[in-house]
Amino acid sequence: MNLHEYQGKEILNSFGVQIQRGIVATTADEAVEAAKKLTEETGTGWHVIKAQVHAGGRGKGGGVKLAKNIKEVADIANDIIGMNLVTPQTSAEGKKVHQVLVAEDVYYPGDNEPEEYYMSVLLNRSNGRNMIMYSTEGGMDIETVAEETPHLIFTEEIDPATGLLPFQARRVAFNLGLSGQAFKQMTKFVQALYTAYEKSDSSLFEINPVLKTSDDKIIAVDAKVTLDDNALFRHKDYAALRDVREENPVEVEAKEVGLNYVDLDGNVGCMVNGAGLAMATMDLIKQAGGEPANFLDVGGTADAERVEAAFNLILKDPNVKAILVNIFGGIVRCDRVAQGIVDAYKNMKNIDVPIIVRLQGTNADIAKELIDNSGLDVQSAIEFQEAADKVQKVLS
Ligand code: GDP
Ligand code: MN
C-alpha cells in the first residue's frame, strides 16, 4: 500500500527521522492557515506547496512550487488543488490533486549551499537482506544516475541478525562526503530511517532528496513510503491511511468482492483460478497474438456469483475484445463452474464479446456439454492449445 508524502513523513518522524515540517490542506484557505501556523513556529515565511498524489516527479510537472509570501501561498494552492497533475510517472491524463502539503522552506541560504542526496531502504531479493541504497546525486531521477554514473550509487546491506551497525551508518555519511556536524546528523538520520523501515513493516522507503541544509541539518524533504500489505494487520492506524482515490477503481472494487484483479493494457480479458494458471494463461494469450487485459484470479470457489462479479469487472474495460475463461477443477467441479458461467451470462445483458471457456479437471466433459448445449455465444475448449487457437480466431 502506497502512502502520500505527508503520511510517509509523519511515520518517519514518529521514529525520530527529521523531516521538512508541513501541514496538509484541501483548500487555499486551509493552505493560508497552515502557512501562518508554520511561520509562527519557524519564522522563515517562505513555504513550498506540494501536490499530494501517488506519483513521483511532481516538481517537473508543476506540482511543487515555492511561495514567498501569503498571497503566493493562496495563489499557488488555488492553482494546484483540483489540477490534473501530469508527471513522468503518471498517465497522459495525469492525477487529480485533492490536497497539498504546505511545508516550511528548508532551502534557506546560510554558510553552505544546501545539498541534495538520494536514499532508499528496500529488500534485496537476491540475498534476502534489507539494504540502504544511497547517492550523492539527489533530487534527480535515480534511474538516470544508475545508467550514466553507476559508481555514484552506494549500497549498505544489513545482516538481519545484527541489524544496522553504527559503523555502517558512519560509512554512509563518509561516502556522501560529509564531515563535522553534518556527518553526525547523517549517521543519526540513517539509523532512525532504518528503524522506521523495520518497525513500520515497510517494503520501500525512497527519500529523494535527503537535504543537507545550509546550517548542516539533515532532513527528509520527500518521502515515498510503501507499506507491506501483509503486515497491515499489525498497524491498524496505518491501514486507515489508505486513499482509494489514488487506486485503480476497478482494482478497488475487485478487492471488495475478494477477487485478485490487476488491470493491464491488452485486449483479452481472462478469468482464471490460481495465480500460476493465470500466468500461464497470459502467456497463452500472447502466443495467440493477443495481449492480456488483466490478471484475474477468482480463487477456489468459482460459483455463479463470483463468476458474474468477475465478468462484470472484466467488461468494465473498453479494450476487451474477447474473454478467455481458464479454470482447473480440482476441488471445485467443472460442471458447477460451467453452470455458473451459463447463469452469469444469462443474468448479464451486456456481454457483447466472444467468450472462450476452457474447463479442465473433475467433470470437464459434463461441463463442456453444458456449455455447448446452452445455446449461448460461448465456445468451449478442453485442451490449452485448442483454447489458444479459438482466441486467435476471434481476434483475427
Ligand atoms: P518530486 O518531484 O515528486 O520528487 O517532489 P520533491 O518533494 O522531491 O520536490 C521536488 C523538488 O522541489 C526538490 O527536488 C527540490 O528541488 C524542490 N523543493 C522541495 N522542497 C523545497 C523547499 O523547501 N524549498 C525549495 N526552494 N525547494 C524545494
Ligand atoms: Mn522527490
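The values are calculated or read from the model by the stated rules, or taken from the named source; none is laboratory data. It should be emphasised that the depicted structure is a prediction, and the values quoted were computed from it without experimental measurement. Glycine gets a Cβ as well: all are built from the backbone with ideal geometry, and neighbour counts include every protein chain shown. With ligands, DNA and RNA removed, areas are computed over all heavy atoms of the protein, side chains included. Shrake-Rupley method; radii C 1.70, N 1.55, O 1.52, S 1.80 Å.
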Search the stretch 136-159 for residues that are over 17 Å from Asn175 (Cβ atoms) and pair each with any residue that is surrounded by 13 or more Cβ atoms within 10 Å (Cβ to Cβ) when their beta-carbon atoms are under 6 Å apart and the residues are at least 6 apart or on different chains. Gly139/Glu116; Gly139/Pro209
Go through the stretch 69-103 and give me each residue that's buried (at least 16 other Cβ atoms within 10 Å of the Cβ), among the small types (Gly, Ala, Ser) and more than 20 Å from Val225 (Cα to Cα). Ala74, Ala77, Gly94
Could you figure out which of (1) farther than 18 Å from Glu383 by Cα; (2) within 28 Å of the chain's Cα centre (by Cα) isn't true of Ile323? (1)
Picking from Leu193, Leu211, which residue would you name as being within 16 Å of ligand 2 (Cβ to nearest atom), open to solvent by less than 40 Å² (accessible area, probe 1.4 Å) and in a helix (DSSP H, G or I)? Leu193
Suppose we filter the stretch 104-113 for residues that are assigned to a strand (DSSP E or B) and either of a type in the set (S, T, N, Q) or open to solvent by 50 Å² or more (accessible area, probe 1.4 Å) (or both); how many remain? 0
When restricted to Thr195, Thr162, the only residue without any contact (Cβ under 8 Å) to a residue 40 or more places away in the chain and of a type in the set (S, T, N, Q) is Thr162
State yes or no: is Val73 closer than 30 Å to Leu178 by Cα, out of contact with any Leu (no Cβ under 6 Å at 6 or more places or on another chain) and not hydroxyl-bearing (Ser, Thr, Tyr)? no
Out of curiosity, is Glu157 open to solvent by 40 Å² or more (accessible area, probe 1.4 Å), assigned by TED's automatic domain parsing to the domain that holds Gly16 and more than 16 Å from ligand 1 (Cβ to nearest atom)? yes
Filtering the stretch 51-68 for residues that are hydrophobic (A, V, I, L, M, F, W, C), away from ligand 2 (no atom under 12 Å from the Cβ) and open to solvent by 40 Å² or more (accessible area, probe 1.4 Å) leaves a count of 1
Checked pairs for the stretch 321-341, first in contact (Cβ under 8 Å) with a residue 40 or more places away in the chain and more than 13 Å from Leu370 (Cβ to Cβ), second surrounded by fewer than 20 Cβ atoms within 10 Å (Cβ to Cβ) and among the aliphatic types (A, V, I, L, M), C-beta under 7 Å and 6 or more apart or across chains, list as Lys321/Val353; Lys321/Leu395; Ala322/Val353; Ala322/Val394; Ala322/Leu395; Ile323/Val353; Asn326/Leu277; Phe328/Leu277
Apart from one, (1) more than 16 Å from ligand 2 (Cβ to nearest atom); (2) crowded, with 17+ Cβ neighbours inside 10 Å all hold for Ser14; the odd one out is (2)
Single unsatisfied condition, Asp265 versus (1) under 23 Å from Met348 (Cα atoms); (2) charged (D, E, K, R); (3) outside any helix (DSSP H, G or I): (1)
If only one of Gln185, Gln181 is surrounded by 19 or more Cβ atoms within 10 Å (Cβ to Cβ) and part of a helix (DSSP H, G or I), which one is it? Gln185
Six or more apart or on different chains, Cβ under 7 Å: which pairs go from a residue in the stretch 75-102 that's in the same structural domain as Arg58 (by TED's automatic domain parsing) and touching a residue at least 60 places away in the same chain (Cβ under 8 Å) to one that's open to solvent by 60 Å² or more (accessible area, probe 1.4 Å) and part of a strand (DSSP E or B)? Could you list them? Lys95/Asn84; Lys96/Asn84
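Matching residues to (1) touching a Gly at 6+ places or on another chain (Cβ under 9 Å); (2) within 18 Å of Val121 (Cβ to Cβ); (3) of a type in the set (Val, Ile, Thr):
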{"position": "Glu147", "(1), (2), (3)": "no, no, no"}
{"position": "Thr155", "(1), (2), (3)": "no, yes, yes"}
{"position": "Leu165", "(1), (2), (3)": "no, yes, no"}
{"position": "Val172", "(1), (2), (3)": "no, yes, yes"}
{"position": "Gly177", "(1), (2), (3)": "no, no, no"}
{"position": "Gly180", "(1), (2), (3)": "no, no, no"}
{"position": "Phe183", "(1), (2), (3)": "no, no, no"}
{"position": "Ala196", "(1), (2), (3)": "yes, yes, no"}
{"position": "Leu204", "(1), (2), (3)": "no, yes, no"}
Every residue in the stretch 99-124 that is under 16 Å from Lys9 (Cβ atoms), in contact with a Ser or Thr (Cβ under 6 Å, 6 or more places away or on another chain) and within 11 Å of ligand 1 (Cβ to nearest atom), please. Glu104, Asp105, Val106
Residue among Ala239, Ala309, Ala280 that is within 16 Å of Ile355 (Cα to Cα) and open to solvent by less than 50 Å² (accessible area, probe 1.4 Å): Ala309
